[in-house]
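K.L.:
Supplied in structure tokens, the structure appears directly below.
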Amino acid sequence: MATVSHPVFARVYQRLSVAMDRAGTAAFRADLVAGLSGRVIEIGAGNGRMFAHYPPGVTEVVAVEPERRLRAAAERAAPFAPVPVTVVDGLAEALPAGRGEFDAVVVALVLCTVPDPAGALAEASRVLRPGGELRFLEHVAAEDGSRVRRAQRLLDATLWPRLFAGCHTGRDTVAAIGAAGFRIEELRRFRFPAGSNSPSSPCALGRAVRPA
């Protein structure tokens, strides 16, 4: 059993995620999983906001969520998904799955938060079949030398992770994905909200492949 508990954040996030989806995150979620098929493992499923977007080619989603309040919300959302979803307890760094079991791994606003991103990406690679895809939508580091990047460094070293359940605004997640052995096939960088200079606004959405 995972021992992750963020009661205040879990309550806030369940409301915040709905507002973010209405503001435009839902469209990014749909883009994230467009065209997927076969068995999918979603790491850090939260309260299940991804579930509605999985396309009909997906035969099963195993949704891993360690925070018990968010996992309970995901369990309530699962029956309304358009594809079969099973919600399970587990950590990104120790996924409850065998080697090469899945056709795709999905991470949405997760790698900014996990304590060990490199470990989580190693696990994603382990459970993917050769040629399988990693789909990612993440907060990422802003351009080096920018005002936003300086703000990210300050916040990540002080209050932000404490307020947002370990979230770091300035991780270079795209580089970490490449360092984990994935081959990045598609990458889109953007600010959300558009034009924002918030430390959490730089984002990356993409598709990477585990080489055969």
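The values are calculated or read from the model by the stated rules, or taken from the named source; none is laboratory data. Given the structure is predicted, the values throughout are model-derived calculations rather than measurements. Here the Cβ is made from the backbone with ideal geometry for all residues, glycine too, and neighbour counts use every protein chain on show. To get the accessible areas, we keep the full protein, side chains included, count just its heavy atoms, and leave off ligands, DNA and RNA. Shrake-Rupley method; radii C 1.70, N 1.55, O 1.52, S 1.80 Å.
K.L.:
Could you tell me which of the residues Arg22, Arg68 is over 15 Å from the mean Cα position of the chain (by Cα) and free of Cβ contacts under 8 Å to residues at least 40 places away in the same chain? Steps first, answer last, please.
P.N.:
Numbers: Arg68 fails: free of Cβ contacts under 8 Å to residues at least 40 places away in the same chain.
Only one candidate passes the filter, namely Arg22.
K.L.:
Go through the stretch 82-119 residue by residue and tally those that are touching a residue at least 60 places away in the same chain (Cβ under 8 Å), within 26 Å of Gln152 (Cα to Cα) and over 13 Å from the mean Cα position of the chain (by Cα).
P.N.:
1
K.L.:
Could you pull out the residue among Ala208, Ala165 that is in contact with a Phe, Trp or Tyr (Cβ under 8 Å, 6 or more places away or on another chain) and in a loop (DSSP other than H, G, I, E, B)? Step through it out loud before you land on a result.
P.N.:
Details: Ala208 fails: in a loop (DSSP other than H, G, I, E, B).
On inspection, the qualifying residue turns out to be Ala165.
K.L.:
Can you name every residue in the stretch 129-151 that is under 19 Å from the mean Cα position of the chain (by Cα) and either within 14 Å of Arg191 (Cα to Cα) or assigned to a loop (DSSP other than H, G, I, E, B) (or both)?
P.N.:
Leu137, Glu138, His139, Val140, Ala141, Ala142, listed by residue number.
K.L.:
Please go through the stretch 162-197 and give me each residue that is surrounded by fewer than 14 Cβ atoms within 10 Å (Cβ to Cβ) and farther than 24 Å from Pro211 by Cα, ordered by number.
P.N.:
If the condition is that a residue be surrounded by fewer than 14 Cβ atoms within 10 Å (Cβ to Cβ) and farther than 24 Å from Pro211 by Cα, then Arg162, Leu163, Phe190, Pro193, Ala194, Gly195, Ser196, Asn197 are the ones that fit.
K.L.:
Could you tell me whether any residue of the stretch 29-44 is touching a strand residue (DSSP E or B) at 6+ places or on another chain (Cβ under 7 Å), open to solvent by less than 40 Å² (accessible area, probe 1.4 Å) and closer than 23 Å to Leu163 by Cβ? Give the derivation first.
P.N.:
From the stretch 29-44, those touching a strand residue (DSSP E or B) at 6+ places or on another chain (Cβ under 7 Å) are 29, 31-33, 36-44; that's our starting set.
Among the residues that remain, those that are also open to solvent by less than 40 Å² (accessible area, probe 1.4 Å) are: 29, 32-33, 36, 38, 40-44.
If we keep only those that are closer than 23 Å to Leu163 by Cβ too, we end up with 43-44.
Yes, the conditions are met somewhere in the stretch 29-44.
K.L.:
So Val106 fits all but one of (1) over 25 Å from Ala26 (Cβ atoms); (2) buried (at least 23 other Cβ atoms within 10 Å of the Cβ); what number is the exception?
P.N.:
Just one mismatch for Val106, condition (1).
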